[in-house]
Amino acid sequence: FWVVPAVEVKIEVVIPEKERSKEEMSPNGKASPLIYKVNGTARHYHLEEHPMASNPYHNPKDMVEASVCHVKDLENGQMREVDLGCGKALLIKESGEFHAVGHKCPHYGAPLVKGVLSKGRVRCPWHGACFNIGTGDIEDFPGLDSLPRFQVKIEKEKVYIRASKQALQTQRRTKMMAKCISLSNYNLSSTNVLIIGAGAAGLVCAETLRQEGFSDRIVMCTMDRHLPYDRPKLSKSMDSHPEQIALRPREFFCTYDIEVLTEMQVAAVDVKSKIAVFKDGFKMEYNKLLIATGNTPKTLSCKGKEMENVFNIRTPEDANRVVKLATSKNVVIVGASFLGMEVAAYLADRAHSVSLVELEHVPFKKFFGEKVGRAVMKMFENNRVKFYMQTEVSELREQEGKLKEVVLKSGKVLRADVCVVGVGAVPATGFLKQSGINIDSKGFIVVNKMMQTNIPGVFAAGDAVTFPLALRNNKKVNVPHWQMAHMHGRIAALNMLAHGTEISTVPYLWTAMFGKSIRYAGHGEGFDDVVIQGDLDELKFVAFYTKSDEVVAVASMNYDPIVSKVAEVLAAGRAIRKRDKPLTVLFLSFRTGDMSWLTGKGS
């Protein structure tokens, strides 16, 4: 897609003054492990003494220098991967200035040169993360780390880059963070910030507070036994072990004094006294509270639902056990949800048989529309997945205490050694019913654009909330996507610090099945038409979802980076309407890289 002629440029790694000052102000050394007792039971904070690597940019012996291009070799708005011998950088020219940053997205390693450059940032072509080209800082998600930034110098009309070898190899940079002033001075039953939930929203909130210089106590608590991990991989990469999908290593939490209480469930919140009451009786006072508890999977209501070998996948252990039990066995998956379909795809070549039961007549109908749903269904059928549509489970039968058959309401009986249930989820907010926090009729916590609830000092984020979506005229919506949880956590943290920051991100998600990905941006709820460009049979297409005349979402397969391009258009506040420009023409303009929609020059 990008032509890269041989050329010359010079880059040097620099640490922004803001980050350097944060590093210098950090008042605390290593934290000691903390233990307290509740009802005679010892509870351990995850604060172990592991030294973090010192900043690699300070070592002159680690630096490499290379010339990469002539100043006229790049036009404004162009990006190019350049090789410095021991690694690559992304060279960018915008508004007459050159910038150099890491060339891979720190999330999953996507080549950013194939992404979208617009108004001082580059957006990942795979999952939509955005990075400031001047600083390398992450500005939209998913992912936690920023890009390394390199200094570019112009000498005699040649561009030179001087870079850290380590930064070129790692292709990521963790922003400098404050530390807690003195943990030893704190009462263990009191914290400044309490975060209930240790998913993406909770972790990003904690990290953002530290990045912004917050040096008081932060405690995260989770029902899970693990530190925060990459939850989407539970259905996409089911045999991953917890340490393989951890979002941060243990030493990270120690170094930045972010305390994590595992296997701890909050049973109630007293917002007047600012106290969280745990299931085991322990109580913790807080000043600011973030509720990021996510959701709870729905279970089957039929006979036999409690039987052994029937799973809701919530933990790495669940996923690992399903893979082990399903190998060369018969698997039945109930629900053609994202989780159900991804699990079916993962197990298709491992299990003896995979059967999928669904109430609708095609998968993903409400989300992707019938045409895309049928194309996806055909792909699954070509990979030996058998569908049983427009029916549901009436009974699970056992033999010697283990699952043996799944009986459908249609009368069909399916052999089953393992059953995975993916029929949706409900917000995990039951413990808040008597709290006074505003919860809607479906159980979602209602927040404003700053992720604030109706109770001062109480914020909420992630899958358990409804919030005003700028893209849809501030309609209150629930967007249970990984990327959105990250952004919720960041916005909540900034507003705990009284920044007055409002959320304005464009929803972005992806699903992976049989080595192919569908990417999606926008919010298509209530779409009334789907305009398909490309070839559904070849699984190379773009689908524009419209409501009335306006494009509200887009999905694609094998057409990167079109979804990221549309996301940038929507993020810029520009409406895409069928009447303004036929979507066929629009589709072709995106394919050819025409970004006039972002500059306002297009019609």
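The values are calculated or read from the model by the stated rules, or taken from the named source; none is laboratory data. Keep in mind it's a predicted model, so treat the numbers as computed, not measured. Don't worry about glycine lacking a Cβ; one is built from the backbone with ideal geometry, like all the others, and counts go over all protein chains shown. Surface areas here come from the heavy atoms of the whole protein model, side chains and all, with no ligands, DNA or RNA. Shrake-Rupley method; radii C 1.70, N 1.55, O 1.52, S 1.80 Å.
Given the criterion of a type in the set (D, E, K, R), modelled with pLDDT of 95 or more and touching a Cys at 6+ places or on another chain (Cβ under 9 Å), identify the matching residue among R490, R519.
Within the list R490, R519, the selection yields R490.
Right, E395: open to solvent by 50 Å² or more (accessible area, probe 1.4 Å) and under 15 Å from G304 (Cβ atoms) or not?
Spelling it out, it is not the case that E395 is open to solvent by 50 Å² or more (accessible area, probe 1.4 Å) and under 15 Å from G304 (Cβ atoms).
Which is surrounded by 23 or more Cβ atoms within 10 Å (Cβ to Cβ), in contact with a helix residue (DSSP H, G or I) (Cβ under 8 Å, 6 or more places away or on another chain) and not basic (K, R), of V334, V372, V362, V357?
V334
So which residues in segment 458-469 are touching a residue at least 40 places away in the same chain (Cβ under 8 Å) and open to solvent by 10 Å² or more (accessible area, probe 1.4 Å)?
Of everything in segment 458-469, just one residue is touching a residue at least 40 places away in the same chain (Cβ under 8 Å) and open to solvent by 10 Å² or more (accessible area, probe 1.4 Å), namely D463.
With (1) within 22 Å of P427 (Cβ to Cβ); (2) open to solvent by 40 Å² or more (accessible area, probe 1.4 Å) as the list, and K516 as the residue in question, which single condition is left unmet?
Only one criterion is unmet by K516, namely (1).
Considering only residues that are surrounded by 22 or more Cβ atoms within 10 Å (Cβ to Cβ), part of a helix (DSSP H, G or I) and in contact (Cβ under 8 Å) with a residue 60 or more places away in the chain, which ones fall in segment 72-127?
V113
Assess whether V506 counts as being hydrophobic (A, V, I, L, M, F, W, C), within 30 Å of A336 (Cα to Cα), in a loop (DSSP other than H, G, I, E, B) and assigned by the TED database to the domain that holds K233.
Spelling it out, it is not the case that V506 is hydrophobic (A, V, I, L, M, F, W, C), within 30 Å of A336 (Cα to Cα), in a loop (DSSP other than H, G, I, E, B) and assigned by the TED database to the domain that holds K233.
Among the residues of segment 281-289, is there at least one that is of a type in the set (D, E), modelled with pLDDT under 95 and open to solvent by 60 Å² or more (accessible area, probe 1.4 Å)?
Scanning segment 281-289 turns up no residue that is of a type in the set (D, E), modelled with pLDDT under 95 and open to solvent by 60 Å² or more (accessible area, probe 1.4 Å).
Residue under question is S435, and the condition is that it be part of a loop (DSSP other than H, G, I, E, B) and within 30 Å of the chain's Cα centre (by Cα); does it hold?
yes
Out of G500, G524, which single residue is under 20 Å from the mean Cα position of the chain (by Cα) and not in a strand (DSSP E or B)?
On inspection, the qualifying residue turns out to be G524.
Out of A543, A555, A571, I need the residue that is modelled with pLDDT of 90 or more, within 29 Å of A485 (Cα to Cα) and open to solvent by 20 Å² or more (accessible area, probe 1.4 Å). Which one?
A571 is the lone residue from the list that is modelled with pLDDT of 90 or more, within 29 Å of A485 (Cα to Cα) and open to solvent by 20 Å² or more (accessible area, probe 1.4 Å).
Cβ-Cβ under 7 Å, sequence separation 6+ or interchain: first residue in segment 271-300 and within 20 Å of I439 (Cβ to Cβ), partner at pLDDT below 95 and among the β-branched types (V, I, T). Which pairs?
Y286/T191
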